[in-house]
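K.L.:
Got a structure for you, written out below as structure tokens; questions coming shortly.
Read-outs throughout are calculated quantities, based only on the coordinates presented, and are distinct from any laboratory measurement. The shown structure was predicted, so the numbers you read here are calculated from the model rather than taken from an experiment. Cβ sites come from the backbone with ideal geometry, for glycine too, and all protein chains shown count toward neighbours.
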Amino acid sequence: MAGREPKPTSAAEWRKAREEGYVVTLPSGHVARLRPVALDVLIISGKLPDLLTPLAAKSLWIETDGEEIANEAEKAKGYAELINIIVPAAMVEPRVVDDPTGDDEISLEDIDFADKAAIYQLATQPAEVLRRFRDKQKRNVAAVSDGQGDGTATE
């Protein structure tokens, strides 16, 4: 069968990460289903206030220095606002809404900042990076030695 061309990826597979997301455990121990959020799409759609567009654009191309954000109040406020836009867009389950009424709904106030920051970091990564990262974790754990035959003990 040499020389066979690969088949194009199905449209359903292309949409899968956006529609279904990934189940992740957040720093608080809560588990959520998140989808990737394309910052470039948010910027072009106009869903980000003008104040946040430069911050979002910067995070597309380089990592934001946490120390720099902490030292500059306006940037810190903009970063928090950006996170609070990304989190509801990323959360598939439970859904983040302004006035939660159902069993599958929460508000931004229900999510602590460490979880929001983790959601932001995860959601703004390309879906393929998340998929490969998860696969790499599985391989690394599987390859851990059982400790037998590892040489002499340290003194």
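K.L.:
Near the amide H of TYR22, under 5 Å away, which other amide H atoms are found, from residues 5 or more places off or on another chain, if H is placed in the peptide plane?
P.N.:
Result for TYR22 returns LEU34, ARG35.
K.L.:
Students often check this: by mean Cβ neighbours within 10 Å, which of 27-37, 12-22, 77-87, 95-105 ranks highest, and how do the rest follow?
P.N.:
Per-residue mean Cβ counts within 10 Å order the peptides as 77-87, 27-37, 12-22, 95-105.
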